[in-house]
1. So residue 24 passes all but one of these: (1) out of contact with any strand residue (DSSP E or B) (no Cβ under 8 Å at 6 or more places or on another chain); (2) closer than 24 Å to residue 168 by Cα. Which condition number does it fail?
2. Going by the structure shown, is residue 46 in contact with a helix residue (DSSP H, G or I) (Cβ under 6 Å, 6 or more places away or on another chain) and either basic (Lys, Arg) or surrounded by fewer than 22 Cβ atoms within 10 Å (Cβ to Cβ) (or both)?
3. Mind listing whichever residues of region 129-146 are on the phi < 0 side of the Ramachandran plot and touching a Ser or Thr at 6+ places or on another chain (Cβ under 8 Å)?
4. If residue 336 passes every condition in (1) outside the structural domain of residue 193 (by TED's automatic domain parsing); (2) in contact with a Phe, Trp or Tyr (Cβ under 8 Å, 6 or more places away or on another chain); (3) among the β-branched types (Val, Ile, Thr) but one, which one does it miss?
5. Run down 27, 85 and say which single residue is within 25 Å of residue 311 (Cα to Cα) and in the same structural domain as residue 330 (by TED's automatic domain parsing).
6. For region 26-41, give me the residue count where each residue is among the hydrophobic types (A, V, I, L, M, F, W, C), touching a residue at least 24 places away in the same chain (Cβ under 8 Å) and assigned to a helix (DSSP H, G or I).
7. Only one of these is at pLDDT 95 or above and either among the polar types (S, T, N, Q) or over 15 Å from residue 248 (Cβ atoms) (or both): 37, 42, 69. Name it.
8. Take residue 292 and decide whether it is crowded, with 21+ Cβ neighbours inside 10 Å and either at pLDDT below 95 or within 16 Å of residue 240 (Cα to Cα) (or both).
Amino acid sequence: MVTSPSFWWHGKGGWQSLALAPLSLVYGHISGARMARGVRHRVQLPVICIGNFVLGGAGKTPTALALARAAQAMGLKPGFLSRGYGGRLKRTTLVDPARHLAADVGDEPLLLAREAVTVISPRRVEGAEALRAAGVDLIIMDDGFQSARLAIDFALLVVDSRRGLGNGKVFPAGPLRAPLPRQLAAMDAVLQVGTADGAEPLVRKVARLGKPVLLGKVQPRPVDLEHPHDNGEELKAKQVLAYCGIADPEKFHRTLRDMGANLAEIRAFGDHQPLTPRQMDDLLDTARRHKLQLVTTAKDFVRLKGGAGRAGELAERSIVVEIDIVFDDPSAPKRIIEKAQARFRDAGKIL
């Protein structure tokens, strides 16, 4: 639950990356072999995996939500499958937003469960079967592209247009979760989020393989999840204290600036990190002393639910910025779903 090292995202990584190269060689061999030779079990439902090439945030969860909404518009009943990272429950669990806390099931599953049936499980096949028992007809798996032992009918990998693949090296020398050639061979399409050129080298590689590169953008909307607001004027020209515990805090800061907010103070915590009482005191006291509006992400907000100390007060005083991923081609999510369904049917014929 820590922020990724800066050398992952600049140039070739410098001496730190060079020093970690032997460990990367071992890690890359193991992760690549697991992807190449690992047995993937098929369940009796089509499976779409939303993954990314690198460790850290690229927009997987809002992309999964966008596909679920497209599936619902097609008359389907999608269900989300997540490992439940950051939660204490290590058994297969049907997520109930009215009962579970982020400390139980993780923050991202709570966001997913607001939209569709969501199951967390460290054993993805078991989790998929639980979704089938719950009556879903399409599984959208949030993460697990490199490691899940579940057969995937369509793998959509999300890449941030600014960060791209960072220094292009495998963990721990860089952010790659597995060697790039192995990941490229297994994925079906890339979704580039944003218009910066940091992902251009990857886009060229994908194009040479003849695989599609889809384009999308971040569309923010400020929502107080306790008391929803009606419009996006809430933050314009406001002096704000922005706080978040996500993999790429600067992305959140850019979003706020694009919305017209003035970032007077910033607090960035580790990814998925629950706030301590001292940190909450600092946020509330700083905002009150300097007359600043507290602003956070939806993922951070759900971690405040049921929290100790001043968590309730912090939640009440914070504006929440939700993030939607909007595909440049509105028909792309429907095509992805139809492709997954067709591959699932074809696999059934072979079996």
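1. Answer for residue 24: the failing condition is (1).
2. no
3. The answer is 130, 141, 142, 146.
4. Status for residue 336: all satisfied but (1).
5. The match here is 85.
6. Number satisfying all stated conditions: 2.
7. 69
8. When the stated conditions are applied, residue 292 does not pass them.
The values are calculated or read from the model by the stated rules, or taken from the named source; none is laboratory data. Everything quoted here is computed from the prediction, not taken from an experiment. Quick reminder, even Gly has a Cβ in these numbers, built from the backbone with ideal geometry, and neighbours come from all protein chains shown.
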